[in-house]
Amino acid sequence: MFMNTTVSLSNEPIHVDSATAVYDFDKMFTAYIDTYFTSQYKDLVIICIGTDRSTGDALGPLIGHKLEKSLKRHDNVFVHGTLDQPVHAKNLDTSIDFIYKTYKSPFVIAIDACLGKLESVGRIRIGSGPLKPGAGVNKTLPSIGNMHITGIVNLGGFMEYIVLQNTRLHLVMKMADTIADGIQYSLWKYLKRIEKEQTMIN
């Protein structure tokens, strides 16, 4: 796979209100994909975790909804967790089982909302390794992902379920737009590079 040597990996959070939020997200996401989505993996699976029954927890399904149609044209990119068919605490186990039984050597990107410190609200983080869904609301759920993306939607530490339900939809939508737009643009560039490399080899 193509290795980007010009962009260094970073886990610095991106604030959704930044004028360059989508550009910064694309740049960081691309660096992670170039580094970790190696030739040992075949299919790229994006699992967007959350529920549309809670405003704050709807970040994942909103992103899945935005990505589902735009990424459908790519043969080896798949999206799980949408507004129509969310992936949440009750079906996370079966969703994970389905992914690893269905796809060829899948590289999994897990996306979820989370709670954090007041000064971190509105920030998006990208990291390597698995995501631990439900940790912010004291739920023990299976970890998932070769890399993960989290959006800090509200303040944590007190009455988490009520806080999630009373999170502003405007913030969640803005974060969903930033993440979905950044992923779409990054993967479009990535797959174009792969096609070009394969053409040159052939």
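Look through region 92-107, keep the residues that are among the β-branched types (Val, Ile, Thr) and in contact (Cβ under 8 Å) with a residue 12 or more places away in the chain, and return whichever of them is nearest to Gly151 (Cα to Cα). Break it down stepwise before answering.
Initial filter on region 92-107 (among the β-branched types (Val, Ile, Thr)): 94, 96, 99, 102.
Narrowing further to those that are in contact (Cβ under 8 Å) with a residue 12 or more places away in the chain: 96, 99.
Values: Ile96: 21, Ile99: 23 Å.
In this case the residue turns out to be Ile96.
Give the residue, chosen from Lys192, Lys174, Lys132, that is basic (Lys, Arg) and over 17 Å from Asp57 (Cα atoms).
Among Lys192, Lys174, Lys132, only Lys192 is basic (Lys, Arg) and over 17 Å from Asp57 (Cα atoms).
Quickly run through region 105-133 and pick out the residues that are assigned to a loop (DSSP other than H, G, I, E, B) and over 20 Å from Val45 (Cβ atoms).
Scanning region 105-133 gives Lys117, Val121, Gly122.
Could you count how many residues in region 68-91 are without any contact (Cβ under 8 Å) to a residue 60 or more places away in the chain, crowded, with 17+ Cβ neighbours inside 10 Å, out of contact with any Gly (no Cβ under 8 Å at 6 or more places or on another chain) and not in a helix (DSSP H, G or I)?
1
Could you please give the count of residues in region 154-171 that are over 18 Å from Ala58 (Cα atoms) and free of Cβ contacts under 8 Å to residues at least 12 places away in the same chain?
1
Is there a residue being out of contact with any Ser or Thr (no Cβ under 9 Å at 6 or more places or on another chain), of a type in the set (Asp, Glu) and modelled with pLDDT under 95 anywhere in region 75-83?
yes
Show the residue pairs meeting these rules: Cβ distance below 8 Å; 6+ apart or different chains; first residue within region 21-36 and closer than 13 Å to Ile109 by Cα; second residue of a type in the set (Val, Ile, Thr) and crowded, with 20+ Cβ neighbours inside 10 Å.
What qualifies is Phe29/Ile126; Phe29/Ile149; Phe29/Ile183; Tyr32/Ile126.
How many residues does region 37-67 hold that are touching a residue at least 12 places away in the same chain (Cβ under 8 Å), closer than 17 Å to Val163 by Cα and of a type in the set (Lys, Arg)?
Result for region 37-67: 0.
Looking at region 123-130, can you tell me whether even one residue there is surrounded by fewer than 21 Cβ atoms within 10 Å (Cβ to Cβ), at pLDDT 95 or above, of a type in the set (A, V, I, L, M, F, W, C) and under 30 Å from Asp34 (Cβ atoms)?
no
Among Thr167, Thr140, which is the only one that is among the polar types (S, T, N, Q), part of a loop (DSSP other than H, G, I, E, B) and buried (at least 19 other Cβ atoms within 10 Å of the Cβ)? Steps first, answer last, please.
Numbers: Thr140 fails: buried (at least 19 other Cβ atoms within 10 Å of the Cβ).
The conditions single out Thr167.
Which residue out of Thr178, Thr94, Thr150 is modelled with pLDDT of 95 or more, touching a Lys or Arg at 6+ places or on another chain (Cβ under 7 Å) and either assigned to a helix (DSSP H, G or I) or surrounded by 18 or more Cβ atoms within 10 Å (Cβ to Cβ) (or both)?
Working: Thr178 fails: touching a Lys or Arg at 6+ places or on another chain (Cβ under 7 Å); Thr94 fails: touching a Lys or Arg at 6+ places or on another chain (Cβ under 7 Å).
Selected residue: Thr150, the only one of Thr178, Thr94, Thr150 that is modelled with pLDDT of 95 or more, touching a Lys or Arg at 6+ places or on another chain (Cβ under 7 Å) and either assigned to a helix (DSSP H, G or I) or surrounded by 18 or more Cβ atoms within 10 Å (Cβ to Cβ) (or both).
Conditions (1) closer than 21 Å to Ala176 by Cα; (2) among the β-branched types (Val, Ile, Thr); (3) more than 12 Å from the chain's Cα centre (by Cα), marked per residue:
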{"residue": "Gln85", "(1), (2), (3)": "yes, no, yes"}
{"residue": "Lys101", "(1), (2), (3)": "no, no, yes"}
{"residue": "Ile109", "(1), (2), (3)": "yes, yes, no"}
{"residue": "Arg123", "(1), (2), (3)": "yes, no, yes"}
{"residue": "Ile126", "(1), (2), (3)": "yes, yes, no"}
{"residue": "Thr140", "(1), (2), (3)": "no, yes, yes"}
{"residue": "Ile144", "(1), (2), (3)": "yes, yes, no"}
{"residue": "Gly157", "(1), (2), (3)": "no, no, yes"}
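Check off (1) modelled with pLDDT of 95 or more; (2) surrounded by 14 or more Cβ atoms within 10 Å (Cβ to Cβ); (3) small (Gly, Ala, Ser) for Ser105 and give me the number that stays unchecked.
Condition not satisfied by Ser105: (2).
Report the residue count in region 31-48 for those that are buried (at least 22 other Cβ atoms within 10 Å of the Cβ) and either among the polar types (S, T, N, Q) or touching a Leu at 6+ places or on another chain (Cβ under 7 Å) (or both).
Of the residues in that region, 2 qualify.
The values are calculated or read from the model by the stated rules, or taken from the named source; none is laboratory data. None of the values given here were measured: they were computed from a predicted structure. Heads up, the Cβs are rebuilt from the backbone with ideal geometry, glycines too, and the neighbour counts pull from every protein chain shown.
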